[in-house]
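Throughout, read-outs are computed from the coordinates displayed, never taken from laboratory work. Remember, it's a predicted structure, so these values are computed and weren't measured experimentally. Cβ coordinates were reconstructed from backbone atoms using ideal geometry, including for glycine residues, and neighbour counts include every protein chain displayed.
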Amino acid sequence: MMLGWAGLYGPMALGAIGSIIGCAIAGQAACGALLETETGHGRYIGISAMPSSQAIYGIVVMFALNRTVTPDNAPGLAAIGLLCGLALLFSAAHQGRACAAAINVSKIRPEIFGMSLAPAAIVEGFAVFAFIFALVISAGVPA
Amino acid sequence: MSQYYTLLTSLPHLPVLDKSRQLPISRLALERRLSMLSETDCAQLGAIEALYFPDYSVLSDLADREVVQAWQSALLSLESDVLKERIGYQLEIRTLLAALRYRDAGGKNPDQFIGFGRWHSFIKNHWFESFFGMDEFQPQIQKIARYLKENRPGHADKLLDQMLWQDLFYCEKQHGFSFSAVACYVLRWGVVSRYLSADPDAALIKFDDVTHSLLMKTTFIDDLNQESLNR
């Protein structure tokens with residue numbers, strides 16, 4: 001039963017933890033870039049907010065899983081919720097690093113700004129996979 | 001750990017050594033940025049810089065054995081294995097060049113040569129071969145040795161700086177946002193600084209720039225122009 005509750009809140013909490021880590025990493029890199037550049041500050045701050053999407057995915061998955069926790073559905077909720085949450089956590093934390101790298105290189109060569117965001121966008125893609133399939137699978141968990 | 005993200009993105013890009021015309025950041029500004037580091041990191045960085053850019057006036061007072069012992073104990077005090085490796089590589093190159101100069105100066109007995117690193121015993125075992133039998137796997141250093149033999153120390157210094165710059169650049173890029181990357185950047189800055197201070201062309205350009213900007217700030221150039229018109 002307790003694992004069921006953990007699975008219910010897990011995607012939200014783990015996604016938020018990942019977003020905290022990712023946004024902090026990218027934000028620190030953006031702050032450094034602000035010192036070194038004269039223009040383009042807005043986009044550095046914009047990139048540093050990219051890892052916040054995982055927390056939003058976590059909230060949506062939490063609502064999709066939200067139901068009365070019973071001994072029948074607790075294992076399903078735990079498996080989907082915790083695994084999806086872990087995927088969101090890791091993707092957000094590592095997306096933060098990818099964003100920091102993008103900020104670092106686009107500071108040197110602003111013309112590659114778009115291209116430098118590709119790694120962060122790919123990481124986002126995997127977070128979207130985890131999110132979508134958690135929604136699909138959650139339909140099969142007994143109410 | 002977290003401060004490395006801010007610090008590394010706040011440091012300006014150091015262009016390739018050949019294209020460097022002036023330092024993108026002064027030592028004063030660099031030290032202001034480096035104040036983001038913890039006390040331990042600052043102490044480590046100081047030790048690393050002292051090893052990489054030694055004070056030759058201090059070294060000249062010491063015997064070879066003492067110098068090598070000082071290097072070894074200083075390396076042991078470093079925490080990062082990555083940086084130990086990079087600094088060790090530079091010390092090995094210095095050992096190799098020292099061996100070449102020692103031999104060219106008439107040193108006949110390899111047992112008297114004291115050096116540092118992996119190549120030390122190899123050098124002793126191949127003392128009488130043209131480049132200690134290292135022609136194949138160290139062609140760049142061989143080139144440096146040739147410049148030294150041809151009495152072209154400027155070219156030798158330039159090539160050595162380019163080698164070290166590249167070595168540090170790859171190391172920095174491999175280690176992302178970490179203390180190793182910060183240390184490699186600071187060492188690269190030092191290499192660029194040494195390179196620019198030794199490059200006569202860059203010095204001339206800098207001199208012209210400074211002279212021009214100073215002249216533009218005064219009326220002296222107008223006086224000169226007026227004088228030439230009067231004539």
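Numbers for the structure displayed
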{"item": "Most positive-pole-ward Cα, B:Gln166, B:Gly154, B:Met134, against dipole of region B:122-192 from beta carbon charges", "result": "B:Gly154"}
{"item": "Computed label-point distance, nm, for sites B:Gln112 and A:Leu35 using a 7 Å Cα→Cβ extension", "result": "5.1 nm"}
{"item": "Three-way shape label, region A:2-138, alpha-carbon gyration tensor, a/c 1.5", "result": "prolate"}
{"item": "Rounded to the nearest 20 debye, dipole of the protein assembly as shown from Cβ charges on Lys, Arg, Asp, Glu", "result": "440 debye"}
{"item": "Cα gyration tensor shape of the protein assembly as shown, rounded if a/c is under 1.5, else prolate or oblate by comparing a/b with b/c", "result": "oblate"}
{"item": "Student exercise, chain B dipole from Lys, Arg, Asp, Glu Cβ charges, in Debye to nearest 20", "result": "280 debye"}
{"item": "At R0 = 30 Å, FRET efficiency that the Cβ-Cβ distance of A:Ile45 and B:Gln174 yields, to 0.05", "result": "0.60"}
{"item": "From phi via Karplus (6.51, -1.76, 1.60), per-residue ³J(HN,Hα) for region A:76-93 in Hz, x at Gly/Pro", "result": "x, 4, 5, 5, 5, x, 6, 5, 5, x, 5, 4, 5, 4, 5, 5, 5, 5"}
{"item": "Nitroxide proxy distance, nm - points 7 Å out along Cα→Cβ at B:Leu28 and B:Asn151", "result": "4.2 nm"}
{"item": "In sequence order, calculated HN-Hα J values of region A:107-113 (Karplus, 6.51, -1.76, 1.60; Hz; x Gly/Pro)", "result": "5, 6, 10, x, 5, 9, 3"}
{"item": "Inter-chain shielding of B:5-17 (mean C-beta neighbours from other protein chains, 10 Å cut-off)", "result": "6"}
{"item": "Gyration tensor verdict on region B:25-198 (Cα atoms; rounded if a/c is under 1.5, prolate if a/b is larger than b/c, oblate otherwise)", "result": "prolate"}
{"item": "Nearest 10 degrees, 0 to 90: helix B:200-217 Cα axis against chain B principal axis", "result": "20 degrees"}
{"item": "C-alpha center-to-center spacing [region A:1-30, region B:62-104] in angstrom", "result": "47 Å"}
{"item": "Helix-only CD estimate at 222 nm, as mean residue ellipticity for the protein assembly as shown, using -39500 (n - 2.57) per DSSP H run (n ≥ 4)", "result": "-24000 deg cm²/dmol"}
{"item": "In order through region B:35-48: 3J(HN,Hα) via Karplus (6.51 cos²θ - 1.76 cosθ + 1.60), integer Hz, x for Gly, Pro", "result": "5, 6, 6, 6, 4, 5, 5, 4, 5, 4, 5, x, 5, 5"}
{"item": "DSSP-assigned coil residues among trypsin sites (Lys or Arg not before Pro) in region A:45-138, each with at most 16 further Cβ atoms within 10 Å", "result": "A:Arg67"}
{"item": "Distant-in-sequence amide H partners of A:Val141 (H built 1.01 Å from N, under 5 Å)", "result": "none"}
{"item": "Between 0 and 90°, nearest 10: helix B:179-198 axis offset from chain B longest Cα axis", "result": "70 degrees"}
{"item": "Burial ranking of peptide ranges A:116-122, A:35-41 (average Cβ count within 10 Å, highest at the top)", "result": "A:116-122, A:35-41"}
{"item": "Average beta-carbon neighbours from other chains, 10 Å sphere, peptide A:99-108", "result": "3"}
{"item": "Cut-off 18 Å, label 7 Å out along Cα→Cβ of A:Phe63, residues of region A:104-132 by amide N", "result": "A:128, A:131-132"}
{"item": "Sequence-distant residues sharing a close amide H with B:Phe53 (under 5 Å, placed H)", "result": "none"}
{"item": "Peptide A:20-33, shielding by other chains (average Cβ, 10 Å cutoff)", "result": "4"}
